[in-house]
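*Asks:* Here it is, the structure in full.
The values are calculated or read from the model by the stated rules, or taken from the named source; none is laboratory data. None of these values were measured; they are calculated from a predicted model. Cβ coordinates were reconstructed from backbone atoms using ideal geometry, including for glycine residues, and neighbour counts include every protein chain displayed. Just the protein is used for accessible areas: all its heavy atoms, side chains included, with ligands, DNA and RNA removed. Shrake-Rupley method; radii C 1.70, N 1.55, O 1.52, S 1.80 Å.
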Amino acid sequence: MKTIYVDNAGTTAVSKSVIDAMLTIMTENFGNASSLHFLGQQAKEILNSAREKIAKCIGANADEIIFTSGGSESDNMALISLAYDGKKKGKTHIVSSVFEHHAILHTLQKLEREGFEVTYLPVYKNGIVKLDDLKKAVKDTTAFVTIMFANNEIGTIQPIAEIGAYLRDKNIPFHTDAVQAVGHIKLDVKAQNIDMLSMSAHKFHGPKGVGAVYVRRGVRINSLILGGAQERNLRAGTENVAGIYGMAIALEEATNNLTKNTKHLKALRDKTIKELSKIEHSCLNGDADKRLPNNVNMCFEGIEGEALLLLLSDEGICASSGSACTSGSLDPSHVLLAIGLPHDVAHGSLRLTFSEDNTMEDVDKIVSVVRKTVEYLRTISPVWDKLKKGEIKHVI
Ligand SMILES: *Cc1c(COP(=O)(O)O)cnc(C)c1O
């Protein structure tokens, strides 16, 4: 059976050219970048070259890129730095949104326990924050604002340039978790007035366990990891040279192919949405246009997302669902609740995130298997039974 992988917001396959580049580094350029001998200096040059490539792809300068272990560390480092720096100036208020990734939300909760006050902006039915709400939320004591670039579950893209322009004018630092955006949509930290940005290689066909944070010149940052003087004293630990270079190659590849990939992905996405919307009592979650080119997120009334996923997996289809039963909680996704879906409906969600390797044949197979499986699950669903008998009302 052919594997159809459509969980690319979860992680992506490492591209062939990235593997080749990393293998060469691991076998031939394995030196420690802090060593003075020629192998060490080679490693240092590889790091410099990776830093330049990555900076160029996001419109930054090379000295504004700090390498980390991934998106979570970048988010932690940015938020904790901005918060503690704000506190020194008597600013202990933070603005964010209700549907951030847990790497942001859990860091904000830690800061709240330490006495910071956080305003969480709503995202409405379309899954997009409103600039007006942000304008009302900021105050004299606002230390910084953090709003994600694109949501990892429903793929909705936030008005980052507008927020950036407004905050730059107010002189309030602005961080964005761009883990789902980097390598997937056009992005320019200078044009969009972003002060700090998080990225992660494994979300754009690079290796896992490596990421970066962009820190605009002039913005202060503190290290989370203490030790050696790597990354200009900002992030201790021997650099993951192969991983970092792999990330640079992956991002260059994604950036060079962006227009071509976007066209292909949008065709896959839109065909899938069109076909799956024909299933009765289904809905698309999040704005139809302001969403990542590869993201489909839908709910089907009267079914359990987990059951659907497992049956899809039996047919070779690797997808994802918003509900978080796997994490031991019976609560549905905070993102789907944030866009106003009732618990019951939010439980019946399906996320399909394509990569450029997917084909229209994959879409045809997915559509036919999802249709068949939703129909089957409804025949054994007590909720669907009640909906049919009119004992409870349809919401979608
Ligand atoms: C995946 C993801 C992260 C975490 O990145 P890791 O590299 O897995 O730590 C953070 N934010 C968003 C939006 C993500 O999608």
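*Asks:* Quick one: how many residues across the range 51-80 are out of contact with any strand residue (DSSP E or B) (no Cβ under 8 Å at 6 or more places or on another chain) and either open to solvent by less than 10 Å² (accessible area, probe 1.4 Å) or away from the ligand (no atom under 16 Å from the Cβ) (or both)?
*Replies:* 8
*Asks:* Pull up the range 156-172, narrow it to residues that are assigned to a loop (DSSP other than H, G, I, E, B) and farther than 22 Å from residue 107 by Cα, then point me to the one that is nearest to the ligand (Cβ to nearest atom).
*Replies:* Only one residue fits best here, namely 159.
*Asks:* Looking at 161, 165, 137, which is the one that is of a type in the set (Gly, Ala, Ser) and in contact with a strand residue (DSSP E or B) (Cβ under 6 Å, 6 or more places away or on another chain)? Can you show your working first?
*Replies:* Numbers: 161 fails: in contact with a strand residue (DSSP E or B) (Cβ under 6 Å, 6 or more places away or on another chain); 165 fails: in contact with a strand residue (DSSP E or B) (Cβ under 6 Å, 6 or more places away or on another chain).
Every option except 137 fails the conditions.
*Asks:* Still on this structure, please answer the following. Search the range 44-70 for residues that are touching a residue at least 40 places away in the same chain (Cβ under 8 Å) and in a helix (DSSP H, G or I) and pair each with any residue that is within 16 Å of the ligand (Cβ to nearest atom) and among the hydroxyl-bearing types (Ser, Thr, Tyr) when their beta-carbon atoms are under 6 Å apart and the residues are at least 6 apart or on different chains.
*Replies:* Matching pairs, first to second residue: 64/214.
*Asks:* Evaluate the following for residue 373: is it closer than 30 Å to residue 185 by Cβ and either open to solvent by less than 30 Å² (accessible area, probe 1.4 Å) or among the basic types (Lys, Arg) (or both)?
*Replies:* Numbers: closer than 30 Å to residue 185 by Cβ: no; either open to solvent by less than 30 Å² (accessible area, probe 1.4 Å) or among the basic types (Lys, Arg) (or both): yes.
Here the answer is no, as residue 373 does not meet what is asked.
*Asks:* Another one. Tell me which residues, restricted to the range 1-43, are touching a residue at least 24 places away in the same chain (Cβ under 8 Å), away from the ligand (no atom under 16 Å from the Cβ) and among the polar types (S, T, N, Q).
*Replies:* 3, 15, 17, 29, 32, 34
*Asks:* Scan (1) within 27 Å of residue 284 (Cα to Cα); (2) surrounded by fewer than 19 Cβ atoms within 10 Å (Cβ to Cβ) for the single condition residue 104 breaks and write down its number.
*Replies:* (2)
*Asks:* While we're on this one: Report every pair of residues separated by at least 6 positions or lying on different chains whose Cβ atoms are under 7 Å apart, first residue within the range 376-396 and among the small types (Gly, Ala, Ser), second open to solvent by less than 60 Å² (accessible area, probe 1.4 Å).
*Replies:* Correct list of pairs: 381/302; 381/303.
*Asks:* Quick check on this structure: which one of 150, 181, 161 is loosely packed, with under 15 Cβ neighbours inside 10 Å and under 26 Å from residue 8 (Cα atoms)?
*Replies:* On the way: 150 fails: loosely packed, with under 15 Cβ neighbours inside 10 Å; 181 fails: loosely packed, with under 15 Cβ neighbours inside 10 Å.
None of the other options fit; the residue is 161.
*Asks:* Among 283, 299, which is touching a residue at least 12 places away in the same chain (Cβ under 8 Å), open to solvent by 10 Å² or more (accessible area, probe 1.4 Å) and assigned to a strand (DSSP E or B)?
*Replies:* 283
*Asks:* Then there is this: With 176, 141, 156, 146 as the choices, which residue is farther than 27 Å from residue 292 by Cα and in contact (Cβ under 8 Å) with a residue 24 or more places away in the chain?
*Replies:* Working: 176 fails: farther than 27 Å from residue 292 by Cα; 156 fails: farther than 27 Å from residue 292 by Cα; 146 fails: farther than 27 Å from residue 292 by Cα.
After ruling out the rest, the residue left standing is 141.
*Asks:* Still on this structure: Is there any pair linking a residue in the range 206-230 that is among the hydroxyl-bearing types (Ser, Thr, Tyr) and part of a loop (DSSP other than H, G, I, E, B) to one that is open to solvent by less than 70 Å² (accessible area, probe 1.4 Å) and away from the ligand (no atom under 16 Å from the Cβ), with Cβ under 9 Å and at least six apart or on different chains, and which?
*Replies:* Taking only residues 6 or more apart or on different chains, the pairs are 223/81; 223/231; 223/234; 223/236.
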